Number of protein chains: 2
Amino acid sequence: MSEDCCDNTNTPPTCCDMRGLLSFSILWLLTKRDMYGQEIADELAQRRGTRPNPGTLYPALAELEKRGHVETRKEGRKKIYRLTEQGRESARVSCEYFCRAYGEIFQEHGSEQKAKVVQ
Amino acid sequence: MSEDCCDNTNTPPTCCDMRGLLSFSILWLLTKRDMYGQEIADELAQRRGTRPNPGTLYPALAELEKRGHVETRKEGRKKIYRLTEQGRESARVSCEYFCRAYGEIFQEHGSEQKAKVVQ
DNA sequence: GACATGTTATCGGGTATCCAATAATAAGGT
DNA sequence: ACCTTATTATTGGATACCCGATAACATGTC
């Protein structure tokens with residue numbers, strides 16, 4: 001998780017508000033693998049540069065479960081979240097929307113991004 | 001603007017909340033060219049599938065101006081918004097943050113996206 | 001002046017996300 | 001049993017964004 005190159009924390013800009021897309025980000029993360037709450041918080045922290053507080057994260061997870069996008073099982077003290085079939089479809093649909101909405105931004109800055117990763 | 005292939009309106013998903021990033025999106029749009037309010041609303045509508053209401057858009061623009069990211073001039077009844085130097089730098093910084101935070105999503109779905117555009 | 005139109009702007013109310021702080025629960029070590 | 005720790009969860013308050021509706025303003029037409 002932090003072996004590859006740099007465990008850089010992507011610090012958010014101060015110039016404008018970058019909030020939003022929390023439940024979308026969670027859906028997307030869970031397409032990778034099942035996770036428990038703290039793992040989800042870790043992954044979000046790594047990407048967004050800020051770790052969601054419990055008071056933000058758990059209500060979002062509860063809402064996703066209530067709407068049938070995720071289901072949970074208990075393992076020790078951990079509660080493991082997993083996409084339902086519906087949740088997987090939701091993730092697919094919302095990822096496509098996201099790409100259509102914001103794709104241009106990446107086509108401009110994506111090259112720099114890749115250069116950094118490879119280098 | 002609507003000549004190329006399809007003036008598709010990118011309909012947002014119902015499964016999760018896609019709100020947010022309004023002021024960021026505005027900053028990014030204004031790197032392309034100066035625009036007045038309704039133009040900005042049009043561009044946002046095209047990409048996000050929903051047109052921001054005046055009650056959303058104008059306070060956001062006022063805030064960006066107050067913080068020194070944009071400046072305005074009047075042309076007829078139109079008020080034209082233009083990035084300041086600081087605003088241009090802010091756009092750059094926040095775009096880079098955005099790409100680091102969400103780039104992975106595009107690397108997965110970007111190919112489908114391009115295929116659609118080319119086809 | 002009177003009127004329609006295009007554009008900017010404000011108002012009131014709702015939701016998701018943000019935070020800090022604290023509580024509740026469950027497991028492991030002694 | 002007791003303590004520590006990891007994890008889940010709740011509370012209360014703030015902010016940006018969302019909407020529909022309405023107002024204010026500037027321009028052009030008659």
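The values are calculated or read from the model by the stated rules, or taken from the named source; none is laboratory data. Remember, predicted model here, so these are calculated numbers, not experimental data. Methodologically, a virtual Cβ is constructed for each residue, glycine included, from the backbone with ideal geometry; neighbour enumeration extends over all protein chains shown. The area values use the complete protein model at the heavy-atom level, side chains included, leaving out ligands, DNA and RNA. Shrake-Rupley method; radii C 1.70, N 1.55, O 1.52, S 1.80 Å.
Here are the numbers for this structure:
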item: Total residues in the range B:68-86, condition open to solvent by 70 Å² or more (accessible area, probe 1.4 Å) and within 24 Å of A:H109 (Cβ to Cβ); result: 3
item: Looking only at the range A:15-52, and only at residues there that are under 12 Å from the mean Cα position of the chain (by Cα) and part of a strand (DSSP E or B), the one that is nearest to the other protein chains (Cβ to nearest Cβ); result: A:G20
item: Failed condition for B:C95, given (1) within 13 Å of DNA strand D (Cβ to nearest atom); (2) touching an Asp or Glu at 6+ places or on another chain (Cβ under 9 Å); (3) of a type in the set (A, V, I, L, M, F, W, C); result: (1)
item: The range B:53-69, residues that are within 11 Å of DNA strand C (Cβ to nearest atom) and not in a helix (DSSP H, G or I); result: B:N53
item: Matching entry among B:E89, B:E65 (being surrounded by fewer than 17 Cβ atoms within 10 Å (Cβ to Cβ), at pLDDT 95 or above, at the interface with another protein chain (Cβ under 10 Å from one of its Cβ atoms) and away from DNA strand D (no atom under 12 Å from the Cβ)); result: B:E89
item: All positions within the range B:10-39 that are touching a residue at least 40 places away in the same chain (Cβ under 8 Å), open to solvent by less than 30 Å² (accessible area, probe 1.4 Å) and away from DNA strand D (no atom under 13 Å from the Cβ); result: B:L30, B:M35
item: Cβ pairs under 7 Å, 6+ apart, first in the range B:80-94 and in contact (Cβ under 8 Å) with a residue 12 or more places away in the chain, second among the aromatic types (F, W, Y); result: B:I80/B:Y36; B:Y81/B:Y36; B:A91/B:W28; B:S94/B:F24
item: Residue selected from the range B:53-62 under the condition hydrophobic (A, V, I, L, M, F, W, C) and more than 10 Å from chain A (Cβ to nearest Cβ), by the criterion nearest to DNA strand D (Cβ to nearest atom); result: B:L57
